[in-house]
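Take a look at the structure below.
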6 protein chains.
Amino acid sequence: MGLHKYFQSLSDLEGIYRCPGVFKYQEHSVASHSFKVATIAQFLATVEARNGKDVDWKTMYERAINHDYSELFTGDIKTPVKYALPKLRELFSQVEGSMTKEFLDKEFPLEFRKTYEERFKEGKDGSLEGKILSVADKIDLLYEAYGEIQKGNPESLFFQIYREALASIIKFRDMVSVQYFIDVILKEMIDEETISQTKIKEITKQLLEADPAR
Amino acid sequence: MGLHKYFQSLSDLEGIYRCPGVFKYQEHSVASHSFKVATIAQFLATVEARNGKDVDWKTMYERAINHDYSELFTGDIKTPVKYALPKLRELFSQVEGSMTKEFLDKEFPLEFRKTYEERFKEGKDGSLEGKILSVADKIDLLYEAYGEIQKGNPESLFFQIYREALASIIKFRDMVSVQYFIDVILKEMIDEETISQTKIKEITKQLLEADPAR
Amino acid sequence: MGLHKYFQSLSDLEGIYRCPGVFKYQEHSVASHSFKVATIAQFLATVEARNGKDVDWKTMYERAINHDYSELFTGDIKTPVKYALPKLRELFSQVEGSMTKEFLDKEFPLEFRKTYEERFKEGKDGSLEGKILSVADKIDLLYEAYGEIQKGNPESLFFQIYREALASIIKFRDMVSVQYFIDVILKEMIDEETISQTKIKEITKQLLEADPAR
Amino acid sequence: MGLHKYFQSLSDLEGIYRCPGVFKYQEHSVASHSFKVATIAQFLATVEARNGKDVDWKTMYERAINHDYSELFTGDIKTPVKYALPKLRELFSQVEGSMTKEFLDKEFPLEFRKTYEERFKEGKDGSLEGKILSVADKIDLLYEAYGEIQKGNPESLFFQIYREALASIIKFRDMVSVQYFIDVILKEMIDEETISQTKIKEITKQLLEADPAR
Amino acid sequence: MGLHKYFQSLSDLEGIYRCPGVFKYQEHSVASHSFKVATIAQFLATVEARNGKDVDWKTMYERAINHDYSELFTGDIKTPVKYALPKLRELFSQVEGSMTKEFLDKEFPLEFRKTYEERFKEGKDGSLEGKILSVADKIDLLYEAYGEIQKGNPESLFFQIYREALASIIKFRDMVSVQYFIDVILKEMIDEETISQTKIKEITKQLLEADPAR
Amino acid sequence: MGLHKYFQSLSDLEGIYRCPGVFKYQEHSVASHSFKVATIAQFLATVEARNGKDVDWKTMYERAINHDYSELFTGDIKTPVKYALPKLRELFSQVEGSMTKEFLDKEFPLEFRKTYEERFKEGKDGSLEGKILSVADKIDLLYEAYGEIQKGNPESLFFQIYREALASIIKFRDMVSVQYFIDVILKEMIDEETISQTKIKEITKQLLEADPAR
């Protein structure tokens, strides 16, 4: 049905949830994830640029926004599969590729096909923009796992995800933006005060005692 | 962690939703689907038995209940992928197999492994029980699609699913239970009265006029 | 409208949630519960059979799958009512019975009525299959309560449910499968490591220090 | 634990959904229903008062707000049960009564018990306030059914509920407020314009043509 | 479309959630909140009346039920905005006022307009009923925050809300009902036993040991 | 708490839903909306660039991704308010501005503040990028309304939104990308085939008749 189909399909990404089949307090859709990755990548690129790196902003944003569009055709494969079977993952990439091609041929006018074929490709190559995407993708995953752990999720998988996401980020440690993330932002995350119920007693007591009428 | 892990994992099947990434009025989990397939298979087997077929009830129930357990390791692959790429599906089956094996070796005491390896296998073979499972699985899919169409889902995918599910069922038409399903139950489905808003006017008018006080 | 109505009604069980009116992190439908009870009963029966007991597999599965179908007519009565008033529960059983009868007479062809009247009956009698159903039903309830407690649910009702479910299971302790559940699976549940946020600090520190680049 | 338990329990009414086990586009909790009944009753009472009736406002509001509190102990019994078995309903009322009594004795200080025993009673007697409650309760049910029908719910039960709710309202036709509801508000409901997709074409065409640039 | 529009709009209040944009384990709609405020106000008024205060019950209930109706036109402004900018809040009140007026002129027959203009006004003035509404509104907010803290919500905002709600309540400490709330109900809340997972071990051990068969 | 707070806040945008207080079949968060606006803007910019316009891609993406971040502080104001009171909207912008400033001063290191103050500004000015943002924002709104209408939402507000969104788009008709959207994509939307239940009968009949076995 053409580009209308493409525009309409963006909404389907709101209905694909990440990490299916594990209890979560908060669900995250592929659409939301894409927004967050783009925003995180924007920050990393900003740090890189401030430190003299030559960021190709158009490419950087493009990769971040489109990097999971092809999940539309395949869904979000369960995390354990992703982590356990690199071979399958590769095959899946091929399938995603051919389904994306088919979609492009069917719905996109000829004039836009080449541009979008490029945009829908996995952008995690060795370029600065490719590396920024890799890191931003993992930072969002780290935050997803952190959010569950912080809310008290007893599922040990989230510790595993946290660990593997952080390990992946550390591999890009030579990047100044990653160094900044580790030294400043991750530190803030770790230092975040844990809230305990005793605090309620304190707040209540303190407010009641501060009251001059008593 | 052993069998406790297996018991606990049953709840994860409540969190894997079928057909991710398409708007649905009503979601169906793999756990619910398994229950419905077992109940539908029970009916088909009843018709077969009444017509003199020798149903192996233990096998029949076993296959129905366990047939999607391995989706726990892989998630529910998006419907279009399933339909478009039989080759990938096959590969996925292999992966499911090896992950299931790994899970069995890790969590199940030796004494139960063989039994459960058998139970977690794809049971859709040429036996009567295998065919009953194939049909019951498709009937539930047909009802899922029908439910969406009936509620007004504008997504054409559900017509495609309805069509492909029905086509698959028809292939088993030599089975007396399938014949019964087509002749009796499908007929009732098709004849179901569509409800229109005009009916509200009628009901209201009728009730108001029937009132002796007027 | 006939058997189509019966097939369609299976989906309604996906919309009846257990223990209404108490805050839960995770909801469980009657459909999902039926699936889990059948799977747990299957395990218990396997242990019994391995120990020389003569399991009637057809009956065992049948009772597990159908045991809550009649909740379709009544909904899931609130847990406190169930526990506080055995007399009402009994009366409810009668009502369920008569409503089930009425449903059978209206929707089922004569030829299937007797079979399904049997299937929709409460199957928790003194037979091995009846006892397996009783225990499996309570084990799933135990897991539901455990899941909430583990996720941090402050509602004390879940401790009460855990306690009463376990007490009911213990009553069947003479069964070898129940003994196995208590000695092996329950033990694993109790020993499960509780996850604390300190672990995040450790993981993070450990990963950062392990990095040779530092 | 005392009145804190009572205050806390109000939130549980947000988790009891009406008409469980039937597909609905929009769920309604007992808490929301109570709010709506109080607001509708307020309107009916206003009409009565304007027509010279002597409304006991305190009683009227009190009955509306508290009329379903005891569902906390029993849950919302499935609609078909309510409609099919008046005898059970009566018995349920007794049970609700004794559970409410027990709750009052346990959680309420002596000084408030009598007042709240009165408040938690079924208030649908023959007094003007009792009749207003009966009608308001049915009007909200009528709106719930209407909302589903209007959104395209294929479940015929909602027509049945609409019909029975309206029939109950009509029985109170001698009340001037009910007469007003039927003559004015119900009429508006029935006349409400149904929206069809063709309208989109029209809007679009109209806007495009109105554009002077074309 | 007249009063039908007003009746129908009550359901829209079920779809406006309080405190949008902060993770919550449990959502609360404006409709549910209104019900709870009315019930809490009813209790406070009862205490006042028992202590010789002359409560205007009609006014008290009216204000509680209608106090957030105008949020229909504006939505629930984010809590931080409410707390940070009293000036905007005031402006918002004006806007709410003029939108309410417009709604009344459009949908309400002339004869009801004056009554409802009065009802839709902010009722938190210095009268006993106004003060009861102010306190009841804050008590429900306190319970919302408490519910999140108790469930383990790591968001510090809920401590802030708890603190500010309690501080607001304390300002009305000269009211005998507020004194009662602080001395009796708040005390019960603070003393509520926190549940820890160790309890599961104890319950289990205790039940297993109590068993005479062992 | 610094930039960690900023990273964490991205997830809060997943919990702010657009158009609160109106029944919707499908909810859309501000995070999802931002993703879709960026993707739509990307397409419009592509058309502009292909037609010789000089697109500043960095600015274009930056504005699209960040354009609703400040809703974090205010929530999504109800649509009717937005449409009815341009004056309030303006005031809200001021408030958003000052809250954003405060947030920047508190959480952002000095070195990033200027960059992000720029990024969090309303970017809908008269530049090509500003106009692309204005149009993309409205196209997503148009699709939200269309999605509801297509699913059968009886709420007339969605027709109003559709109309106003389209009218806003038409105002930018001098842009070649808008012309393209109207001539090609909007046309496809309007021509989309409406699905009717009769189709099920046809599909079923056709499949059954095509079967050679019959």
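If you check F:ALA210, F:ALA167 for being modelled with pLDDT under 90 and surrounded by fewer than 16 Cβ atoms within 10 Å (Cβ to Cβ), only one passes: F:ALA210.
Taking the criterion of being more than 8 Å from chain D (Cβ to nearest Cβ), among the polar types (S, T, N, Q) and touching a residue at least 12 places away in the same chain (Cβ under 8 Å), would at least one residue in the range E:2-18 satisfy it? Yes, because at least one residue in the range E:2-18 is more than 8 Å from chain D (Cβ to nearest Cβ), among the polar types (S, T, N, Q) and touching a residue at least 12 places away in the same chain (Cβ under 8 Å).
Selection of helices (runs of 4 or more DSSP H) fully inside the range B:101-214 by the criterion of at least 3 residues being away from chain C (no Cβ under 14 Å) and touching a helix residue (DSSP H, G or I) at 6+ places or on another chain (Cβ under 8 Å) returns B:128-150, B:157-170, B:198-210. Scanning the range E:83-98 for residues that are surrounded by 13 or more Cβ atoms within 10 Å (Cβ to Cβ), facing chain F (nearest Cβ under 10 Å), at pLDDT below 80 and in a helix (DSSP H, G or I) yields E:ALA84, E:LEU88, E:LEU91, E:PHE92, E:VAL95, E:GLU96. So which residues in the range F:145-177 are acidic (Asp, Glu), touching a residue at least 60 places away in the same chain (Cβ under 8 Å) and more than 22 Å from B:PRO154 (Cα to Cα), if there are any at all? Listed by number, the list holds a single entry, F:GLU164. Is it fair to say A:GLU27 is free of Cβ contacts under 8 Å to residues at least 60 places away in the same chain, surrounded by fewer than 20 Cβ atoms within 10 Å (Cβ to Cβ) and under 25 Å from F:ASP12 (Cβ atoms)? When the stated conditions are applied, A:GLU27 passes them. Within the range B:30-54, being closer than 21 Å to C:TYR116 by Cβ, of a type in the set (A, V, I, L, M, F, W, C) and surrounded by 21 or more Cβ atoms within 10 Å (Cβ to Cβ) holds for B:PHE35, B:VAL37, B:ALA38, B:ILE40, B:ALA41, B:PHE43, B:LEU44, B:ALA45, B:VAL47.
Suppose we filter the range D:93-115 for residues that are more than 10 Å from D:PHE73 (Cβ to Cβ) and of a type in the set (A, V, I, L, M, F, W, C); how many remain? Residues meeting the conditions: 4.
Return yes or no: is A:LYS101 modelled with pLDDT under 95 and among the basic types (Lys, Arg)? Taking the combined requirement at face value, the residue satisfies it.
Of note, D:ASP68 does not satisfy the criterion of being at pLDDT 85 or above, more than 13 Å from the chain's Cα centre (by Cα) and among the acidic types (Asp, Glu). Counting the residues of the range C:26-61 that are within 15 Å of the chain's Cα centre (by Cα) and within 9 Å of another protein chain (Cβ to nearest Cβ) gives 18.
Counting only residues that are part of a loop (DSSP other than H, G, I, E, B) and over 18 Å from A:VAL55 (Cβ atoms), the range F:44-61 holds 4 of them.
The values are calculated or read from the model by the stated rules, or taken from the named source; none is laboratory data. Quantities reported herein were computed from a predicted structural model and do not represent experimental measurements. In this analysis, Cβ positions are derived from the backbone assuming ideal geometry, glycine residues included, and neighbour counts consider all displayed protein chains.
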